[in-house]
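Visitor: What follows is a single structure, and I will ask about it in a moment.
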Amino acid sequence: MKTFILLLAATLLLFQAGNGCTIIVAGKKATIDGSVLNSHTDAGADCRIRVVPGQKFPKGSMTPVYYGIQRVDPPLDDNGEILGYISQVEQTYTYFQSAYSHINEYQLCIGESTTSQRPELQVAKGEGKQIMTVEQAMIFALQRCKTAEEALELITSLMEKYGFLPSCGPESECLTIADPEGIWVLELFSVGKDWPRKAVSRA
């Protein structure tokens, strides 16, 4: 009986652990051949992977900011509800898109894992003015950046300007942003429903 209970407990733990995103990275000094590794188990609902080709846009174009990129029920090219618009670049790069898009044609690679944050920092869609989800910011970085440092700068600037909107529950996010030269780890936290006033007052 004791063995059965232990097996049952282990099975339940495995099923619980299998539902979360996990990121594991290794830098140049940690690999035999000097490669940079960035791994990502994607627990987003939409695990369909598709190639989105780079495109050219007229100067002054705008591009939508979506909520619902993770959803699997809409058609493949339906990214969900439009929350706003930001300036489009004149040239985007080819990338692989899924619930959490992960690599582009320049070997810029982004891993994602949801973490947790304090209750007073949590916010849901419609409770504040934030519009930028982590999966949308990842897409913008893969479309616009060639290096990890460029992606780090872009993602942080998008979050500062448009506000981080959690999309995997009300929780925070951790990104591993890598290119063939190295890796950055970025943690994103929301600041509650009063953004941007609260963010400015605490700076």
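The values are calculated or read from the model by the stated rules, or taken from the named source; none is laboratory data. Keep in mind that this is a model prediction, so the values were computed, not measured. Using ideal geometry, Cβ is built from the backbone for each residue, glycine included, and neighbour counts are taken over all protein chains shown. Protein only, heavy atoms only, side chains kept; ligands, DNA and RNA dropped before computing areas. Shrake-Rupley method; radii C 1.70, N 1.55, O 1.52, S 1.80 Å.
Visitor: Arranged from highest to lowest average of other beta-carbon atoms within 10 Å per residue, in what order do the peptides 145-151, 113-119 appear?
Guide: Details: 145-151: 19.3, 113-119: 14.4.
Listed from highest to lowest mean packing, they are 145-151, 113-119.
Visitor: Let me ask something else about it. How large is the Rg to Rh ratio of segment 28-113 when both quantities use alpha carbon positions and Rh follows Kirkwood?
Guide: 1.03
Visitor: Leaving out ligands and nucleic acids, note down the accessible area per residue over the chain with a 1.4 angstrom probe, in whole Å².
Guide: 57
Visitor: How many lysine pairs in the chain, separated by 8 or more positions in sequence or lying on different chains, have Cα atoms less than 25 Å apart?
Guide: For the chain, the number of qualifying lysine pairs is 15.
Visitor: Considering only protein heavy atoms and a 1.4 Å probe, what is the carbon-and-sulfur percentage of the accessible area of the chain?
Guide: That share works out to 58 percent.
Visitor: For the pair residue 76/residue 94, report the inter-label distance in nm, with labels modelled 7 Å from Cα in the Cβ direction.
Guide: Each label point lies 7 Å from its Cα, and together they span 1.6 nm.
Visitor: Something else about it: Jot down the radius of gyration and Dmax of the chain, Cα atoms only, both in angstrom.
Guide: Calculated on Cα positions, Rg and Dmax stand at 18.3, 70 Å.
Visitor: Could you pull out every whole DSSP H run in the chain that spans at least 20 Å of Cα extent along its own axis and averages -1.0 or higher on the Kyte-Doolittle scale?
Guide: Qualifying helices: 2-17, 148-162.
Visitor: Next up: How many angstrom lie between the Cα centre of segment 80-120 and the Cα centre of segment 132-195?
Guide: Measuring centre to centre over Cα atoms gives 7 Å.
Visitor: Right, another one. Kindly provide the trypsin sites (Lys or Arg not before Pro) of segment 29-89 that DSSP labels as loop, not H, G, I, E or B, and whose Cβ sees at most 13 other Cβ atoms within 10 Å.
Guide: In loop regions of segment 29-89 (DSSP not H, G, I, E or B), the sparsely surrounded trypsin sites (Lys or Arg not before Pro) are 48, 59.
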